[in-house]
Amino acid sequence: MIVLLILSGAGLTLTALAAIVRIVRGPTILDRMIASDVLLTTLMLAVGADMVARGHTDNIALMTVIGATATLATIVVARFVKRRAQQPPPHTETEEVGHV
């Protein structure tokens, strides 16, 4: 049991660190969003592993809140990216100078 806890803790730590690196490095907002989803999922798994190891279900509400936050954040970012893709590109001065 102890070995499994150590291995799962190490795996969750590596996953969290990799997600944090991707959040910082990007390069796009979608990369950062996926990495934040991975980080929140990793946090949910860590809370679940704690519940299994200690034999309780006290943190189910916390897991629900983390899952709802991840879902809501994904929807908000998807709508933001969709709106940004639908906007026309801004005019530059080089385009206006050619029409004088």
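Taking the range 5-22 as the range and being exposed (fewer than 13 other Cβ atoms within 10 Å of the Cβ) and aliphatic (A, V, I, L, M) as the test, the residues that pass are ILE6, LEU7, ALA10, LEU14, LEU17, VAL21.
Those residues that are of a type outside the set (D, E, K, R) and surrounded by fewer than 16 Cβ atoms within 10 Å (Cβ to Cβ), I need them from the range 24-33; list them, please. Matches in the range 24-33: VAL24, GLY26, PRO27, THR28, ILE29, LEU30.
Condition check: of a type in the set (Ser, Thr, Tyr), under 30 Å from MET1 (Cβ atoms) and out of contact with any His (no Cβ under 8 Å at 6 or more places or on another chain). Does THR69 satisfy that? So THR69 fails the test. Taking the range 53-82 as the range and being over 20 Å from the mean Cα position of the chain (by Cα) and surrounded by 13 or more Cβ atoms within 10 Å (Cβ to Cβ) as the test, the residues that pass are ALA53, ASN59. Yes or no: ALA35 within 30 Å of ALA85 (Cα to Cα) and among the aliphatic types (A, V, I, L, M)? It is true that ALA35 is within 30 Å of ALA85 (Cα to Cα) and among the aliphatic types (A, V, I, L, M).
Bear in mind that the values in this text are calculations on the coordinates, not laboratory data. Just so you know, these numbers come straight off a predicted model, no measurement behind them. Note that we place each Cβ from the backbone using ideal geometry, even for glycine, and neighbour counts take in every protein chain shown.
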